Every structure is written in structure tokens, then in C-alpha cells.
Amino acid sequence: MDESPNKQEQQSSTFIMEENSTQLAWLFNLDANLTRAMGGVFPERGGDIADMHDILDLACGAGGLALEVAHLYPHTQVLGVDINKQLIENVRTLATARGIQNAHYQITNILDPLPFPDASFDLVNARTLYSSFEPTDWLPMLRECHRILRPGGTLRLTEMERHLTSSLANERMWDLLTRALYISGRSFSSDGHHIGIIPHLGRLLHETGFQHIQNRASTPEISSQTPHFGTWREQDAYAWQLVEPFLVRTGVATLEEVQTLRAEALKDFMSENFCAIAFYFTCWGEKHVIA
């Protein structure tokens, strides 16, 4: 599973963030923070995945979730796919170093038809795809997920909405980001004030043919007095740095304006009065079991 066609390696990413060492650090932080915020890798199942053997993680990024699942559930075979060649090479090395033999990785553009046979997986997982997808990309990708799932298999999507913070500078940074997503055609928002994907997840799963659709929200507090604030502060600081070229490219602000605002946001992060709530939303559904 670790070999990938040259064609896939040559494809370019639609991810809005720069691809560099800072992106890798941000992705590792995001994996850990999001899994902790959700209450574990499979909180909606009480951690019980005894009936699942083949798991696919779409746009796996730094690969942290796939590594964690493979480590906690050695009976599974976990495949993480991402378009970023460097990320895939890094996580392969990490899996080898940790002696995790049931985690595999390959370069795949999930906007193309997925290179797997019908009924290949028991679970397909994806987290925070919003910044790489246009609204019209979702249904074709979800149909592919439906195709490669076994009857009774589960598709699980976790997406996010903008944070709510006490910092004017951070609120203005979120304003720029949601506006840039809107201008670049990546937003479900009707006015560019929000990311907008979360209200549509259930509908998209329903339109793709999934059944028994359920959801749960995760709303971690990331204020200065909370235990894991340092990792959240680091994550958001990385994020504002990495989206800077995207904000300038979409014309929502000049480079000087973004850099000035980002410096103010980082200063506010350091205040003992900084308060914020993050918002993540997980929606999942099952493929129909043929009687």
C-alpha cells in the first residue's frame, strides 16, 4: 500500500497553507489537540471498534490519528492518504521508528476517484477538509467513500467553525480567513463571515445514501488558564503564520496589514485574560446493509 504512482506524486495540493516545517509542526499539534478535544479517537463508539479491521484516513496530514489508531488497535490495518509527498515520507519514517507495522501511508489526491476497490474498508475518516474543498467537491468525494465502504461501514467527518475569542485581533484574523475562504470558493457561508460547512454535513451524508446519521460537538475551552492552552496557542500561532500568503493572495488584506494584525493576535495570546472557545463537529453515517 505504500507505493504510489508518479502521477499522484506530481499533483499539486489545494491546501491553503504553505508546505514547510512549520506546517508539519502545526499538523502534529492539530492532531493531538483535536483528538483530545473529541475525547479520544472513537469517543462516539466508546472506543469499541472490535468489528472494524480496515480503516482509511483521508487527507491524513502528519498522520497522527492513523498512528494512534494503529497503536491502540493492533487488530486493525490503518491506511492514511495525503497529497503531500513530504508529509507521507515523514509519517512513514515515524511509524517505522515507533515499530507500528499496521499503519500504512500513500500519496493520494482525494479529489480524484479513490484508488481502492469497492467495499475495501470498514471505516473512512476525514477531519478538517474544509480549506481544501470547494462546495461542489464534497458530493463526488463522499460518493467515492460510500463506494469503498463495506455494507454496514461508517463514514465519519469532523469539521470546524471559527473560534470565539476575547481578542479583537484574533477575531479580525478569523474575519480575514473566512472572507478569503469565501472569495476563493471554499466556503459554504452565505456572506463570508463563517466557514459554514458544519450545518451541511448531515445533508451531504443523507444525499450520498448514508443512513443512521448522527453527530456530536466538541467545544474545548482554550483560554489562558486551561491546562492545554500552550499547545492551542502554539497551534493558532502556527496557523496565522501559515495562512498569511493565502490571505494576501486572495486580496483580503495587504502583507503589511496581515503581519501587523498577526503580531497583535500573538500579543493577545500571551495575555492572562485571553479567553476562547474552539468548535468542532463530528457527523457520521452508515452504509446500507443489503438484506
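The values are calculated or read from the model by the stated rules, or taken from the named source; none is laboratory data. The structure displayed is predicted, hence computed values, not measured ones. No Cβ is skipped: glycine too gets one built from the backbone with ideal geometry, and neighbour counts run over all protein chains shown. With ligands, DNA and RNA removed, areas are computed over all heavy atoms of the protein, side chains included. Shrake-Rupley method; radii C 1.70, N 1.55, O 1.52, S 1.80 Å.
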*Once you have a ≥ b ≥ c as the square roots of the Cα gyration tensor eigenvalues for the stretch 218-291, tell me rounded if a/c is under 1.5, and otherwise prolate or oblate according to whether a/b is larger than b/c.*
oblate
_Projected label distance in nm at Arg143 and Thr93, using a 7 Å step from Cα toward the beta-carbon_ = 4.0 nm
*Between Glu18 and His75, what length in nm is gained on full extension when 0.36 nm per residue of separation is reduced by their alpha carbon distance?*
16.9 nm
*What is the stretch 167-270 by shape, rounded, prolate or oblate, if you read a ≥ b ≥ c off the alpha carbon gyration tensor as root eigenvalues and call it rounded for a/c under 1.5, prolate for a/b larger than b/c, and oblate otherwise?*
oblate
*Considering only protein heavy atoms, what per residue accessible area in square angstrom results for the stretch 155-291 with a 1.4 angstrom probe?*
48 Å²
*asked:* To the nearest 20 Debye, how big is the dipole of the stretch 54-171 about its Cα centre, given +1 on the beta carbon of each Lys and Arg and -1 on that of each Asp and Glu?
replied: 260 debye
*Apply 1/(1 + (r/R0)^6) to the Cβ-Cβ distance of Ala217 and Ser120, taking R0 = 35 Å, and write down the FRET efficiency to the nearest 0.05.*
0.70
*Cα gyration tensor shape for the stretch 51-104, rounded if a/c is under 1.5, else prolate or oblate*: oblate
*For Thr260 and His288, what does the FRET efficiency come to when R0 = 41 Å and r is the distance between their Cβ atoms, rounded to the nearest 0.05?*
0.15
*So for the pair Glu171, Thr226, with labels modelled 7 Å out along Cα→Cβ, what separation do we get in nm?*
1.8 nm
*Expected 222 nm ellipticity per residue - DSSP helices of 4 or more, -39500 (n - 2.57), all of the chain, to 500*: -12500 deg cm²/dmol
_Based on DSSP loop calls and a cut-off of at most 11 other Cβ atoms within 10 Å, the longest stretch of the chain free of exposed GluC sites (Glu not before Pro) is what?_
4-271
*Förster radius 22 Å - calculated FRET efficiency between Ala25 and Leu164, Cβ distance, rounded to 0.05*: 0.35
*What is the helix-to-structure angle for 168-183, meaning the angle in degrees between its Cα long axis and the longest Cα principal axis of the chain, kept from 0 to 90 and rounded to the nearest 10?*
50 degrees
*Average the reciprocal distances over every distinct pair of alpha-carbons in the stretch 53-194, invert the result, and give the Kirkwood radius in Å.*
16.5 Å
